[in-house]
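The values are calculated or read from the model by the stated rules, or taken from the named source; none is laboratory data. Since the model is a prediction, treat every value here as computed from it, not as a measurement. Here the Cβ positions follow ideal geometry from the backbone for every residue, glycine too, while neighbour counts run over all protein chains shown.
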Amino acid sequence: MNKLNYIGALHIGTTTVRFHIIDGQGTTIASSAEKLQLLYPQPGYVEIDPDELWLLVIKVMKDTFRESGFCPEYLRGLGISTQRCSFTTWNPRDGRHFHNIITWRDLRANKLVNEWNSSYQTRALRIGSRLMYTFLKEHRYLMMSDFKFMNSQITLRLLWALQNVQELKDEAKKGNALMGCIDTWLLYKFTGRHVTDVSNAAATGIFDPFLMNWSTAMISILKLPPGLFPKVVNSSGDFGVTHKCIFGVEIPIYCLMAAQSASLFGSGCLHTGDLKITLGTGTFVNVNSGSEMHTSTSGMYPAIGWRIGEELVYMIEGAWNDTGSIVEWAKQIGLIDQLAETVDIANSVDESEGVFFVPAFSGLHAPINDYTAAAGFIGIEPTTEKAHIIRAMLESIAYGIVLIFEVLRRETSHSRIKIRVDGGVSANDFVLQLIADLTGFVVERATSTEMSILGVAFVAGLQCGIWKRKEDVYKLRKVDRTFKPNILNRIRYRLLIPHWKRALEKFGRCVSRYWEITSPERNILLTASLNFEQKMTEQQISSVPSEVVLEIDEELIYAGAQNMLPVVDECRITVDSDLSNDTQTTQTDGKMADYASLVDRTRTVFLNGKTRSLEWRIKQLKQALLMLEECEQEIISALATDLHKCKFETVSTEIKFTEAEVIELLRHLKEWSADEKVCLTFYNFLCITN
């Protein structure tokens, strides 16, 4: 064997540890994998034993060498990719950890997250950032103007550990404590170095991706010991060598990357605008944004793809934490045996018959950003079959991706013609075809679904000279199958998605009211599809480029079916229904019919006391939130026309500011309106009457 032609790639995912040996053609010649045991000591706690993880990593690598007969000395080097934001702390004097690895799915800090997000410090940070952006127009301040702590980031889980693990608390005060994500922990065990790369650091919530160092502001606000944090370096370089006692030889480590960054690289998304979707334990939509960091006000997370030499690549990320976990849950309760069988089961029925699934085992993520939401089904009837339930579960995966794509269309101008997918759930043809139908883009699945493995192998191989240029490894990617969008299916589903969004509202904020799609509404879907078929034959449809699907179906859906859809009262602010019983129309053809009449009726209702009830006020506030959401584009256009405000400024200083105030009112209105006993003073005690 030629030592120059082989690279090792180690990947630690949420539930699996994998090791591959890859040759110069990008082909896996040997591999091994083991399930990673997650620990659930309490509800909401999700942990990994650091010692068990270390032993499992060594076992998987040695099993690969032994079963393939491959000698470790033939490896040119090693690349490591890991799940992000799962961390532990340890004592550098003896290497003993203070607690188990607290994973990215852990919710133990949820109380702290809620407290800090509603705290005066966080509100002041948002307001100050809005003001700074207004004057300086720097995107870092725009991003901070909508800042929220999240359970998936390390920030408050680390604070929880410092407050609740006594030994860590004591040793941190003495400077005898180190912190690191799984990448840092493994590198420390392999080489003794306390180092992380930029892609892992950027996801923690404590790293400033604009200044490219640990955020002194965040460390100061949370009062975190600055000595805890590892040195941040490039994604490729000299990370040291493994201790000789582990494998009998020293193996150089050339790459350290976060799993999603490695997957983006391995998928061949090397140019600005390239997009991939990982369907693993969670769904991760990543877009290469080149040298420009994207700032989002909808919960899309700006991250770092990689830094290789002088090249710094940012990426945009939208994530839903429950994808593969949905499949695992279905296995646990006996609904299915394997993922592969769900394709035939889902296709055995034409639709889910009004059944919708809300995939919120870990809350709802961008752009909903409701971490209190619960998972569940809605619309189940006595006639509902197993196939309807399974189809609804698979559909929910694609629906979540649609929400992320809606944000991408609003916030970015990148042109794209295809989507690359990887991850375990990407083996499901039903899900991939539905993603193609709903997004209007060709979906491309590679022969290997382990893109994180390929990514770190390629980066490590480029570093040590197996490949010379990025273009060389791009050519090594092999496509298994492509899924082309079906326009008829897209039209049918685009009319269903609004109902699924309403189902999300029912399970958000612990709301438990039920809603189901009615038979007349299903007839509307059929009518819309038939109208479309009358306009275009199947041959014409197949010849339409995927890029124009969006324009076609928006025009036909809304022109052909919108008038038949029932109006949802809870999603519209109707002045008449809330202010009086008068059925007189107040709005005609978009113009106010009679200002004087409206003012008189409003004044009369106010004097009658209808607006005094707490329920009425809460309803109005909720409707105001819905109005801000539904009319966002109209508000942006109006302020651009009247005040020449740009979109970013309108969203950050007008819409989001108002939303925050309304949410604050909803949170405290009952408390503020409660009866309060007032103590008597010397000046008014004589006013007491019997």
Of the residues that sit in segment 76-104 and are of a type in the set (Ser, Thr, Tyr) and part of a loop (DSSP other than H, G, I, E, B), which one is farthest from residue 464 (Cα to Cα)?
103
Matching residues in segment 443-491 - criterion: being of a type in the set (Val, Ile, Thr), crowded, with 18+ Cβ neighbours inside 10 Å and farther than 23 Å from residue 81 by Cα
443, 487, 491
Can you tell me which of (1) in contact with a Ser or Thr (Cβ under 7 Å, 6 or more places away or on another chain); (2) farther than 21 Å from residue 473 by Cβ; (3) not in a helix (DSSP H, G or I) is the one residue 19 doesn't meet?
(2)
Only listed residue being exposed (fewer than 14 other Cβ atoms within 10 Å of the Cβ) and either part of a helix (DSSP H, G or I) or out of contact with any Cys (no Cβ under 8 Å at 6 or more places or on another chain) (or both), chosen from 34, 52, 73
73
Per the filter on segment 354-370, residues touching a helix residue (DSSP H, G or I) at 6+ places or on another chain (Cβ under 8 Å) and surrounded by fewer than 21 Cβ atoms within 10 Å (Cβ to Cβ) are 361, 366, 367, 368, 370
Can you list residue pairs whose Cβ atoms sit under 8 Å apart, with the first residue in segment 163-182 being surrounded by 13 or more Cβ atoms within 10 Å (Cβ to Cβ) and at pLDDT 95 or above and the second being in a helix (DSSP H, G or I) and among the aromatic types (Phe, Trp, Tyr)? Count only pairs 6 or more apart in sequence or on different chains.
178/188; 180/188
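Table: residues versus (1) buried (at least 20 other Cβ atoms within 10 Å of the Cβ); (2) free of Cβ contacts under 8 Å to residues at least 60 places away in the same chain; (3) β-branched (Val, Ile, Thr).
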{"site": "115", "(1), (2), (3)": "no, yes, no"}
{"site": "118", "(1), (2), (3)": "no, no, no"}
{"site": "122", "(1), (2), (3)": "no, yes, yes"}
{"site": "136", "(1), (2), (3)": "no, yes, no"}
{"site": "152", "(1), (2), (3)": "yes, no, no"}
{"site": "157", "(1), (2), (3)": "yes, no, no"}
For segment 605-650, give me every one of the helices (runs of 4 or more DSSP H) that falls completely inside it and has 3 or more residues that are surrounded by 15 or more Cβ atoms within 10 Å (Cβ to Cβ) and of a type outside the set (Val, Ile, Thr).
614-630, 647-650
Test result for residue 199, touching a helix residue (DSSP H, G or I) at 6+ places or on another chain (Cβ under 7 Å), of a type in the set (S, T, N, Q) and closer than 17 Å to residue 153 by Cβ:
yes
Restricting to segment 292-315, name every residue that is farther than 14 Å from residue 265 by Cβ and either of a type in the set (Lys, Arg) or modelled with pLDDT under 90 (or both).
292, 293, 294, 295, 296, 297, 298, 299, 300, 301, 302
Quick check: is even one residue across segment 69-91 within 33 Å of the chain's Cα centre (by Cα), of a type in the set (D, E, K, R) and more than 28 Å from residue 304 (Cα to Cα)?
no
